[in-house]
1. What is the residue count in segment 79-96 for residues that are surrounded by 19 or more Cβ atoms within 10 Å (Cβ to Cβ) and assigned to a helix (DSSP H, G or I)?
2. Identify the residue in segment 150-171 that is out of contact with any Leu (no Cβ under 7 Å at 6 or more places or on another chain) and aliphatic (A, V, I, L, M) and, among all such residues, is nearest to Arg190 (Cα to Cα).
3. Any chance you could count how many residues in segment 76-109 are free of Cβ contacts under 8 Å to residues at least 12 places away in the same chain and at positive phi?
4. When residues of segment 66-78 are filtered for being over 9 Å from Ala95 (Cβ atoms) and in a strand (DSSP E or B), how many remain?
5. Could you tell me which of the residues Ala104, Ala99 is within 16 Å of Lys165 (Cβ to Cβ), touching a helix residue (DSSP H, G or I) at 6+ places or on another chain (Cβ under 7 Å) and of a type in the set (Gly, Ala, Ser)?
6. Just to be sure I understand, how many residues within segment 1-25 are at pLDDT below 70 and either surrounded by fewer than 13 Cβ atoms within 10 Å (Cβ to Cβ) or not β-branched (Val, Ile, Thr) (or both)?
7. State whether the residues of segment 48-58 include one that is at pLDDT 75 or above and touching a strand residue (DSSP E or B) at 6+ places or on another chain (Cβ under 6 Å).
8. Within segment 180-196, how many residues turn out to be in a helix (DSSP H, G or I) and modelled with pLDDT of 90 or more?
Amino acid sequence: MAQVTALLIKELRESTGAGMMDCKKALKEVDGDLDKATQFLRKKGLAKAAKKAGRVATEGVVHSYIHANKRIGVLVEINCETDFVGKTEELAAFAADVAMQIAAMNPECVRREEMDTSSVEKERTLLKEKALQEGKPEKIIDKIVDGQINKFYGERVLLEQAFVKENKKTILQIQQELVAKLGENIQIRRFARYELGEGMAKKVDDFAAEVAAQVKGT
């Protein structure tokens, strides 16, 4: 078995934000492998996050974000359980990232249960008709459509969108990692997004690409 050194523990703590004892235990579990220890802590953290999801969260922050061109504005409410966590830099940073996400990706709602069911069913019907026209076998059409509907949600539901700063993770995964780190239930409650001239005829810019470019430049 590889020796679990203080240096290894320090490196794992810095990369994951987990406690010293949790890092030590994780490294022992995976024979000192840093990558495996990170995955071990992530799985453990997600399990903890699931247990905390039902706890009451009425503290937190309302964060505002105005894009540099002053054409997009966002207000987002992030809830946590205590005023102490509500004042942490970690929660503030999460709120800022979520607000930027909303500005860039223009989600329709926070979670899929809030989606207009009629629009989802309309999309499902259109996808099924398209699959039939393309000659897909009927016995697998429902499975194909289910996958496409999940993609539909992934584009429109905030928690299911790929994070603009790290597109291998969803906003939900970022939220769950913060829950594991701070030890409280943290929820994105609601948001409002304003775009100058919205609903009027105007030039359409690729705002998501613009924000992503700015993020990479920082």
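1. Going through segment 79-96, the residues surrounded by 19 or more Cβ atoms within 10 Å (Cβ to Cβ) turn out to be 79-81, 85-86, 91, 94-95.
Checking which are assigned to a helix (DSSP H, G or I) leaves us with 85-86, 91, 94-95.
Here the count works out to 5.
2. Only one residue tops the list, namely Leu158.
3. The first filter runs over segment 76-109 and keeps only residues free of Cβ contacts under 8 Å to residues at least 12 places away in the same chain, leaving 84, 87, 89, 93.
After this cut, where a residue has to be at positive phi as well, the list is none.
Residues that pass the stated criteria total 0.
4. Initial filter on segment 66-78 (over 9 Å from Ala95 (Cβ atoms)): 66-75.
Subset that is in a strand (DSSP E or B): 66, 72-75.
Residues that pass the stated criteria total 5.
5. Working: Ala99 fails: touching a helix residue (DSSP H, G or I) at 6+ places or on another chain (Cβ under 7 Å).
Being within 16 Å of Lys165 (Cβ to Cβ), touching a helix residue (DSSP H, G or I) at 6+ places or on another chain (Cβ under 7 Å) and of a type in the set (Gly, Ala, Ser) holds for just one of Ala104, Ala99, which is Ala104.
6. Within segment 1-25, the first condition is being at pLDDT below 70, and the residues that meet it are 1-2, 16-19.
Going one step further and asking which of them are either surrounded by fewer than 13 Cβ atoms within 10 Å (Cβ to Cβ) or not β-branched (Val, Ile, Thr) (or both), we end up with 1-2, 17-19.
Residues that pass the stated criteria total 5.
7. Quick first cut of segment 48-58, residues at pLDDT 75 or above only: 57-58.
Next, only the ones that are touching a strand residue (DSSP E or B) at 6+ places or on another chain (Cβ under 6 Å) stay: 57.
Yes, segment 48-58 has at least one match.
8. Quick first cut of segment 180-196, residues in a helix (DSSP H, G or I) only: 180-182.
With the extra rule that they be modelled with pLDDT of 90 or more, the set shrinks to none.
Adding up the residues that qualify gives 0.
The values are calculated or read from the model by the stated rules, or taken from the named source; none is laboratory data. These figures come from a predicted structure and were not determined experimentally. When we count neighbours, we look across all protein chains shown, and the Cβ atoms used for this are built from the backbone with ideal geometry, even at glycine.
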